[in-house]
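Shown next, in structure tokens, is the structure this report addresses.
The values are calculated or read from the model by the stated rules, or taken from the named source; none is laboratory data. All figures in this text were calculated on a predicted structure; none of them were measured in a lab. Methodologically, a virtual Cβ is constructed for each residue, glycine included, from the backbone with ideal geometry; neighbour enumeration extends over all protein chains shown.
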Amino acid sequence: MNQQVERQELWTREFLGMSLSNTFVYIAQYAMIAALPIVIMTEYGGGDVEAGLAMTFFQIGTVCARPCAGILIDALNKRRLMLAVTTAFFLVMAAFSFASALSMLYGLRLVHGIIFALATTTAAAIAALILPPARKGEGIGYFALSTNLAMVLGPMLGLLIMEHFSATVLFCVLSALAAVSIAAGGGQKLPDAVILPEKRSARTLSVSTFIERKALPPAVIAGILFFAYGSVLTFIPLYTRSLGLSSETSLFYACYAGAILVTRPWIGRILDHKGPDYTIYPGLLLFAAGMFLLGTITELSGLIVAALLLGAGFGAVTPALQTLAVRSAPPSRAGVATATYFWSLDISVGLAAAGLGVVAVTYGYAFTYSIVDVAVIALGTVCYALWRRTVKTH
């Protein structure tokens, strides 16, 4: 009985370590997203184009490295890999302080994207492997919360530092966060069954080497939803400014994260006990309602309600799809399955910034949120329903 209870424990030191490491890496990234455009304009004399290029180089690094991350995770000692990538993350954060030209900054952002992909994919894969099977959905939901909280804390930290201090202080603080991520994630003693790769015979490289085909359906569906959500990440500051609510943008993110924080515990339990349909379908409905409301708001109360609906809906759907992606593959392919899931999200958010940007400029932010994004969510719902029907049939 004691062994059974131990196997079902969720909040182990190892799981907490991976969650904390992931949190600090994401906080540093979101702080960089908010603060780096200011740094480029004030320290390097750049403009909007130069600021956009910094994000472009990061996305290139992330998208290119994500499939390779899965291969490395499954082929190497995961503990050593986690220690190596968190250390590399610290070094690249520290190196930003010495960038004397925009070309150096762009090069560091490219490397930053590569290391970010390796670090976050490794932490997510290890976290999924050490979770007890009966509580995997709940655990992945809590793990995903680290990303959601970082989305709120990171920009606040970056903007606060740039408002009162300098770029040098910013990069020193981010380096300190990276150092904590080493201690939290790289110093964990993990069981051999988790960290050691399975011995496999040599095989030639193919598409399946980089992509877990069984994880593709939930990854693509999640990508469709992230395409819609990418418009929130990209345009919400501009949208709130057009409505005269620019000072309330941080409140939007706080309400969004608060909704996830409140709903996440019981959503994870529903996923484990009832199955993904009981969280994904209601989540999609709430997500679509939040997007539609966001496109029709005129005052602060509407903005808050939209944030709560989006947080509850998005928070219910995404960890469930990530759980399905990880469960679809054997443990020996957990790294590739996790990388496949995140790769789809990376590509979708990048496409959203470009594609929905054209729609927003042509037809307005309200039209983008209330019509285009709701249609995208409906498409994701149909794809999920068809896929689940196929899974149940076969």
Note on Glu212: of the conditions (1) more than 25 Å from Ala312 (Cα to Cα); (2) crowded, with 17+ Cβ neighbours inside 10 Å; (3) at pLDDT 85 or above, unmet is (3)
Would you call Gly70 touching an Asp or Glu at 6+ places or on another chain (Cβ under 9 Å), over 26 Å from Leu105 (Cβ atoms) and either part of a helix (DSSP H, G or I) or of a type in the set (S, T, N, Q) (or both)?
yes
Over the stretch 271-292, the set of residues within 27 Å of Leu153 (Cβ to Cβ) and without any contact (Cβ under 8 Å) to a residue 40 or more places away in the chain is Gly283, Leu286, Ala289, Gly290
Can you confirm whether Ile297 is surrounded by 19 or more Cβ atoms within 10 Å (Cβ to Cβ) and over 18 Å from Ile224 (Cα atoms)?
yes
Report, by residue number, each residue of the stretch 154-172 that is free of Cβ contacts under 8 Å to residues at least 24 places away in the same chain and of a type in the set (A, V, I, L, M).
Leu160, Val169
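Sort through Leu10, Leu81 and tell me the only one that's more than 29 Å from Pro237 (Cα to Cα) and not in a helix (DSSP H, G or I). Lay out the reasoning, then the answer.
Details: Leu81 fails: not in a helix (DSSP H, G or I).
Testing whether each residue is more than 29 Å from Pro237 (Cα to Cα) and not in a helix (DSSP H, G or I) leaves just Leu10.
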Just checking, which of Gly313, Gly258 is surrounded by 23 or more Cβ atoms within 10 Å (Cβ to Cβ), within 20 Å of the chain's Cα centre (by Cα), assigned to a helix (DSSP H, G or I) and small (Gly, Ala, Ser)?
Gly313
Taking the stretch 1-59 and the residues there that are surrounded by fewer than 21 Cβ atoms within 10 Å (Cβ to Cβ) and of a type in the set (Gly, Ala, Ser), the one that is modelled with the lowest pLDDT would be Gly52
Taking the criterion of being at pLDDT 85 or above, in contact with a Ser or Thr (Cβ under 6 Å, 6 or more places away or on another chain) and assigned to a helix (DSSP H, G or I), would at least one residue in the stretch 241-252 satisfy it?
no
Could you grab me the full set of residues in the stretch 27-74 that are over 20 Å from the mean Cα position of the chain (by Cα) and in contact (Cβ under 8 Å) with a residue 12 or more places away in the chain?
Pro37, Ile38, Val39, Ile40, Thr42, Glu43, Tyr44, Gly46, Glu50, Ala51, Leu53, Asp74
Restricting the stretch 97-142 to residues that are surrounded by 23 or more Cβ atoms within 10 Å (Cβ to Cβ) and among the hydroxyl-bearing types (Ser, Thr, Tyr), the one nearest to Ala176 (Cα to Cα) turns out to be Thr120
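Among residues belonging to the stretch 316-341 that are of a type outside the set (A, V, I, L, M, F, W, C) and assigned to a loop (DSSP other than H, G, I, E, B), point out the one that is modelled with the lowest pLDDT.
Pass one, the stretch 316-341, residues of a type outside the set (A, V, I, L, M, F, W, C): 318-319, 322-323, 327-328, 330-333, 335, 338, 340-341.
With the extra rule that they be assigned to a loop (DSSP other than H, G, I, E, B), the set shrinks to 328, 330.
Working: Ser328: 82, Pro330: 78.
Of everything passing the filter in the stretch 316-341, Pro330 is modelled with the lowest pLDDT.
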With criteria (1) in a helix (DSSP H, G or I); (2) surrounded by fewer than 21 Cβ atoms within 10 Å (Cβ to Cβ); (3) at pLDDT 80 or above, Leu284 comes up short on (2)
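Does Ile33 count as farther than 19 Å from Trp343 by Cβ, among the β-branched types (Val, Ile, Thr) and in contact with a Gly (Cβ under 9 Å, 6 or more places away or on another chain)? It would help to see each step written out before you state the result.
On the way: farther than 19 Å from Trp343 by Cβ: yes; among the β-branched types (Val, Ile, Thr): yes; in contact with a Gly (Cβ under 9 Å, 6 or more places away or on another chain): yes.
So Ile33 passes the test.
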Being buried (at least 17 other Cβ atoms within 10 Å of the Cβ), in contact (Cβ under 8 Å) with a residue 24 or more places away in the chain and closer than 30 Å to Trp11 by Cβ: is that true of Ala88 here?
yes
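Take the stretch 368-386 and flag every residue that is of a type outside the set (Val, Ile, Thr), in contact (Cβ under 8 Å) with a residue 24 or more places away in the chain and under 30 Å from Ile60 (Cβ atoms). Reasoning before the result, please.
Step one: list which residues in the stretch 368-386 are of a type outside the set (Val, Ile, Thr), which gives 369-370, 373, 375, 378-380, 383-386.
If we keep only those that are in contact (Cβ under 8 Å) with a residue 24 or more places away in the chain as well, we get 369-370, 373, 378-380, 383-384.
The answer is Tyr369, Asp373, Leu379, Gly380, Cys383, Tyr384.
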